[in-house]
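The values are calculated or read from the model by the stated rules, or taken from the named source; none is laboratory data. From a predicted model like this one, the values you see are computed outputs, not experimental measurements. Don't worry about glycine lacking a Cβ; one is built from the backbone with ideal geometry, like all the others, and counts go over all protein chains shown.
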Amino acid sequence: MMSYDDVSKTLVGHIRRVFWILPLFVLAMSATGGNALAALIVEKFEIEGLISPASPKALSEALEKQLQVKVVDLNLKNSSSGWPLLSVEFDSDQLTRGVIEQTIALIEDPAGHTYRVHQGPAVISAPFTDEEKAAMAALGPAPPNVQALTNPIESTGASIARGKKHYDKYCTTCHGLQGDGNGPAAHGITTFPRQLWVWKNTNSSADGYLFWFITEGRSDMPPWGVILSENQRWDVINYIKTLTKPE
Amino acid sequence: MAARIKPPRMRIPRKIKKDDVFKVKVRFEHPSFTGLGQVEPETTPTFNRAVPVNFIRNMLVYYGEELVTRFNMTSAIADDPMFTFKLKAVREEPITVAFINNEGERWEVSADIKFTT
């Protein structure tokens, strides 16, 4: 027969063990979203169609409600591809990526817009067709008759600083801060903006061509000769020659 | 974002005499998207890609076989644009206007020019 003391000691022991295990169990449950045994994975989806301010919230809420998944993050601003990036945590035993993509396509935001998961690379502008090339050859801009010019402004620190100021103000929209032709407005333009780091440390033989191009413009590039003075254009050229190829 | 593209339409005067300068009007119902949208203006006041880019890139005008003018456009073009330009009626040949969008798709509209006496 166990005495009262023995029974109480055993009970206390059990309770203590339970108290040890319980927090660990709760911790495990909370860390895995309530299902410690499931294989949870996080996948990323590029979303098309987030056009109204209510769209992101409506998409996240509808997805969580319909599929019992967890929306970890909706990166609207800094995704590398430019498309908004939705991170979804789901159980790979019960759901697949395809099911989530189909569900996203069926969700509507309050204004009635639909979403879509972006597939493949961003097609910005298809290459020119043969017909367009032939038209450009027939009616396009005349071949440049470029004079050999020499830069009257020495490439000093002050000149480069002035050039950077004008470049940041006028050129970055299309050519990008690093001169990689990837500015915010670049993808809406018919022809891809030139990558300006190719002119790094070129000698004076390129000066006449650069000056002519900046002054006259071509295709979608406006003639900056109307806006920038001659000295300002030379400052910009001095700055362009210091741009390095981005990593 | 249903793409509601309709074939282009062209209108020229009913009566054209030889050496008349006449107006050609072309209407093309095609959407125009830069692809940019302001998703959360309060928290992230930047424009990012929201829908695919889609706009008319080129308009080529042929008078018979000859290419007479070319219009280069950007995503700043309007939805469903209407183009008007003048031509001199020098010979009895069809005018053909071809549109090409940024995805390389092509549409065409054509009208015959016949001189009235």
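Listed values, structure above:
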read-out	value
Yes/no for A:GLY208 being among the small types (Gly, Ala, Ser), more than 14 Å from chain B (Cβ to nearest Cβ), touching a helix residue (DSSP H, G or I) at 6+ places or on another chain (Cβ under 9 Å) and more than 16 Å from A:CYS174 (Cα to Cα)	no
Residue satisfying condition, being within 33 Å of the chain's Cα centre (by Cα) and either more than 25 Å from B:ARG70 (Cα to Cα) or surrounded by fewer than 15 Cβ atoms within 10 Å (Cβ to Cβ) (or both), within set A:LEU177, A:LEU149, A:LEU139	A:LEU177
Some residue of the stretch A:193-200 being farther than 16 Å from A:VAL236 by Cβ, within 14 Å of chain B (Cβ to nearest Cβ) and not polar (S, T, N, Q)	no
Boolean, A:GLU101 is within 30 Å of A:ASN182 (Cα to Cα), surrounded by 11 or more Cβ atoms within 10 Å (Cβ to Cβ) and at pLDDT 75 or above	yes
Hits in the stretch B:54-97 - residues which are within 9 Å of chain A (Cβ to nearest Cβ), touching a strand residue (DSSP E or B) at 6+ places or on another chain (Cβ under 6 Å) and surrounded by fewer than 20 Cβ atoms within 10 Å (Cβ to Cβ)	B:VAL68, B:THR69, B:ARG70
Restricting the stretch A:26-62 to residues that are among the hydroxyl-bearing types (Ser, Thr, Tyr) and part of a helix (DSSP H, G or I), the residue that is modelled with the highest pLDDT	A:SER60
B:VAL51 surrounded by 15 or more Cβ atoms within 10 Å (Cβ to Cβ), out of contact with any Phe, Trp or Tyr (no Cβ under 7 Å at 6 or more places or on another chain) and either touching a residue at least 12 places away in the same chain (Cβ under 8 Å) or more than 30 Å from A:PHE45 (Cα to Cα) (or both)	no
Tally, over the stretch A:230-247, of residues that are surrounded by fewer than 18 Cβ atoms within 10 Å (Cβ to Cβ), in the same structural domain as A:GLU154 (by TED's automatic domain parsing) and without any contact (Cβ under 8 Å) to a residue 24 or more places away in the chain	1
Number of the exception - A:LEU243 against (1) in contact with a helix residue (DSSP H, G or I) (Cβ under 6 Å, 6 or more places away or on another chain); (2) outside any helix (DSSP H, G or I); (3) at pLDDT below 90	(3)
First in the stretch A:198-218 and assigned to a loop (DSSP other than H, G, I, E, B), second anywhere and surrounded by 15 or more Cβ atoms within 10 Å (Cβ to Cβ) and among the β-branched types (Val, Ile, Thr), Cβ under 9 Å, 6 or more apart	A:LYS200/A:ILE240; A:LYS200/A:THR242; A:ASN201/A:THR242
Test: residue in the stretch B:10-28 that is out of contact with any Asp or Glu (no Cβ under 8 Å at 6 or more places or on another chain), under 30 Å from A:LEU50 (Cα atoms), of a type in the set (A, V, I, L, M, F, W, C) and more than 8 Å from chain A (Cβ to nearest Cβ)	no
Members of the stretch A:104-115 that are surrounded by 16 or more Cβ atoms within 10 Å (Cβ to Cβ) and at pLDDT 80 or above	A:ILE104, A:ILE107, A:ASP109, A:TYR115
